[in-house]
Structures are given as C-alpha cells and as structure tokens.
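Heads up: the structure comes next, in structure tokens.
The values are calculated or read from the model by the stated rules, or taken from the named source; none is laboratory data. Predicted model only: the values in this text are computed from it and were never measured. Every residue, glycine among them, receives a Cβ derived from its backbone with ideal geometry; neighbour counts consider all protein chains shown. When the accessible area is computed, the model is the full protein with side chains, heavy atoms only, and any ligands, DNA or RNA have been set aside. Shrake-Rupley method; radii C 1.70, N 1.55, O 1.52, S 1.80 Å.
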Amino acid sequence: LDDLPYQILDDGKKKKNCVVYDFGIRESPDFGLTFAKQCDVVGFDPSPISVEWWKTSQETILKDYPGYRFSPVGAGGVDGNVLLREYDWGQVSIIEFPRRVINTTDCNTHGQCRYTIHKEQKSFSIPVKTLKTVMREHGHDHVSLLKLDVEGSEYAFLETMIEDLSCRAVDQLVLEWHHYDYDVRYGVTSNPQINMLVALLKDRCGLEQFWIHGSKGWPSNEKLYADMGMTLYYTLSGFKRTTRKF
C-alpha cells in the first residue's frame, strides 16, 4: 500500500486512491484501521453493540485516524430496513432459531418424542444498503478492498452487487461465509449457493477466488445449535481481480 499512487487536488493536497470498506466490525475496527493512514476507510455495522461502541470510541479513534469513517448500516441486497435477529457476541444475523425442536432423548415406547421449546429471539429493524448505494453516498468510484463479515447477510449483498455489476468496481474481496446447510456431494462446508456465487464473481465481476481457509471451513462448537438440530459452518475466502475486460 505504500506504493499506491496519489491524485493531487487543486489545493495541492493529496487524495488517496485506496479505498477500504470494512463491513461487520462489532467493537473491533482493527482490520480497517490497519489501512486507515494510507486509504480512505469506512467501517459499516448496524448492530446495536457497534453503534454504542462508536458513540464512546469516536473521539479517540478520530484523534489517531482522522480520515476513518463509521456508518451504522449493514450490507444488504436492498436499500431500506430488514428484520435481523439477536446472534452471538451482541451481533445481529439473518439466522432464525427454530422454536420447536424434537427431543430424541425423551420419547415414549411408541417412538413418539417430546418437543423442546426454545425462547424467541429478540429482533431488530436494521438499516441496510447495497454496495452501489454506499459507494455513491461516500463519493467513491472504486473499492480497493472489500471485507464482508456480516453474519449471513453476505448472500443478498453479493447477489445484488453481481446483478447491478457494481462488483466490477471492487479489486479485492475477503469474506466469511456463514452457512447453515451443506451438501456432501459438493464437499464438506461447500453448498450449491456458495458455488454459484463464486462462479458468478469470476464470470461477471472478474473476481477470482485465490484463497480459502486451510481447513476448508469449520463447524460451530456451540451446543445450542446441536440441540436445535442445526449445522452451522464458517468458511473464509479471498478473491482478487484477474480481468477488467468484459
């Protein structure tokens, strides 16, 4: 990043040609701050815990990184509000827990089992925006590095940026896939939805996957999900631009 070119403005100041979007930060903006003295960095997170963090940390962060910006909106496939639910570590997610789950350890002699009733999750009406919209609002015509760690909302966000072709303005993409089902025909932690998005990112956007977490993903170790009969997997992957011609 030290060798990135600068554009000289009319007033003689340098404008950074490096733009980093950091979607999903909770209370840990370290990823974005790593680039904040060299790039224009915007951190995005609509989680209540993140909004409260910015209220208390804004002054300290801007003192050291005056160009850093925070936006309390999430990554979305539309512009507007969506209903998200309480999730781990004070975050919000698309995942909805099943409330009525069969308890196979409590069955009668006829093979009929009782249900375990789980409490309803707290829900939040959360503002989200598409990549095309946030780029326009922040005055950027390209994104050097886009990070997505948005607890399941990556699917709708990616689908829209592929459809409206705003993905062609992105040079690098790193993300964590949050998937709650998988098909062993495609390999552990792989599913048809992810495979299709990976293919489209290459064919329509020029972004080719060059890295995936060495373990090919990992399952959640939370007992709660096992009790609910849910299989949650997480996979990290990275993409880089390999073509600009379409």
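Which order do Trp218, Trp53, Trp211, Trp89 take by accessible area at a 1.4 Å probe, largest first?
On the way: Trp218 80, Trp53 25, Trp211 115, Trp89 150 Å².
Ranked list, largest accessible area first: Trp89, Trp211, Trp218, Trp53.
Given a 1.4 Å probe and the protein chains as shown, Glu27 ends up with an accessible area of around 80 Å². Calculated FRET efficiency, Arg69 to Ile49, Cβ-Cβ distance, R0 = 22 Å: about 0.75 to the nearest 0.05. Take Phe124: with every protein chain present and a 1.4 Å probe, its accessible area is about 40 Å². Measuring only protein heavy atoms, the 1.4 Å probe finds Ile94 accessible over about 70 Å².
Of Lys122/Lys223; Lys122/Lys240; Lys129/Lys223, which ones are farther than 26 Å apart at the Cα?
Working: Lys122/Lys223 20 Å; Lys122/Lys240 37 Å; Lys129/Lys223 33 Å.
Table pairs above 26 Å Cα-Cα are Lys122/Lys240; Lys129/Lys223.
Using just its DSSP H runs of length 4 or more, each adding -39500 (n - 2.57), the chain gives a mean residue ellipticity at 222 nm of -6500 deg cm²/dmol after division by all residues. Listed by chain and number, the aspartates and glutamates whose alpha-carbon sits under 19 Å from that of Lys63, ignoring those within fewer than 8 places in the same chain, are Glu27, Asp30, Asp40, Glu52. You can think of it this way: the chain between Asn195 and Arg99 has 31.6 nm of extra reach, that is 0.36 nm per residue less the Cα-Cα gap.
Panel values: region 10-103, Kirkwood radius from alpha carbon pairs, Stokes-Einstein at 20 °C and 1.002 mPa s, translational diffusion coefficient 141 µm²/s.
At 1.4 Å probe radius, can you tell me the per residue accessible area of the chain in Å²? Let's see the in-between values first.
Values: 13740 Å² over 246 residues.
Value for the chain: 56 Å² per residue.
Protein heavy-atom surface of the chain, 1.4 angstrom probe: 50% of the accessible area is carbon and sulfur, with nucleic acids and ligands not counted. For region 104-111, putting each phi into the Karplus relation 6.51 cos²θ - 1.76 cosθ + 1.60 with θ = phi - 60° gives couplings of 6, 8, 10, 10, 8, 5, 8, x Hz, in residue order, rounded to whole numbers and with x for Gly and Pro. Here the extension length gained between Glu208 and Gln172 equals 12.0 nm, from 0.36 nm per residue of separation less the Cα-Cα distance. The label point for Lys37 and the one for Leu83, both projected 7 Å from the Cα toward the Cβ, are 4.7 nm apart. Its residue count N fixes a reference of 2.2 N^0.38 Å for the chain, and the Cα radius of gyration divided by that reference is 1.15. Per-residue packing, averaged as other Cβ atoms within 10 Å, sorts the ranges 55-64, 225-234 into the order 225-234, 55-64, beginning with the highest. Evaluating 6.51 cos²θ - 1.76 cosθ + 1.60 at θ = phi - 60° for every residue in region 142-150, the Karplus couplings come out as 7, 10, 5, 9, 10, 10, 10, 9, 10 Hz, glycine and proline recorded as x.
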